[in-house]
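Input: a single structure, listed below in structure tokens.
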């Protein structure tokens, strides 16, 4: 299994080679020339990623604001759930106390 760095190095090493030299190199490395071509295309695609794909500072700020809102909402819901669980436990205890007194 070739690491990403090793694949890039192989693409760079074979980039200037003639087709016959590249095929011989591939045989020595137990590779197919198609693998090298696929790696080259993948590297070029990664390097050619448009600038628009990166998050703008405005989008980053909006994302941070949205994350904070969601964290606050999650905390509020966690507290409400804990309160509801506590009330349920208390109501069961009260019911058990009154049922015990009726049996006396």
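The values are calculated or read from the model by the stated rules, or taken from the named source; none is laboratory data. Small disclaimer: the values here were computed from a predicted structure and weren't measured. Cβ placement follows ideal geometry from the backbone for every residue including glycine, while neighbour counts extend to all protein chains displayed.
Descriptive notes on the structure:
- Residue pairs whose Cβ atoms lie under 9 Å apart, separated by 6 or more positions or on different chains, with the first residue in the stretch 17-37 and assigned by TED's automatic domain parsing to the domain that holds residue 3 and the second part of a loop (DSSP other than H, G, I, E, B) and buried (at least 16 other Cβ atoms within 10 Å of the Cβ), are 25/31.
- So residue 14, is it in contact with a helix residue (DSSP H, G or I) (Cβ under 8 Å, 6 or more places away or on another chain) and in a helix (DSSP H, G or I): yes
- Residues that are closer than 14 Å to residue 2 by Cβ and either touching a helix residue (DSSP H, G or I) at 6+ places or on another chain (Cβ under 7 Å) or not in a helix (DSSP H, G or I) (or both), drawn from the stretch 30-80: 30, 31, 32, 36, 39, 40, 43
- Flag if residue 101 is more than 23 Å from the chain's Cα centre (by Cα) and either loosely packed, with under 10 Cβ neighbours inside 10 Å or free of Cβ contacts under 8 Å to residues at least 40 places away in the same chain (or both): yes
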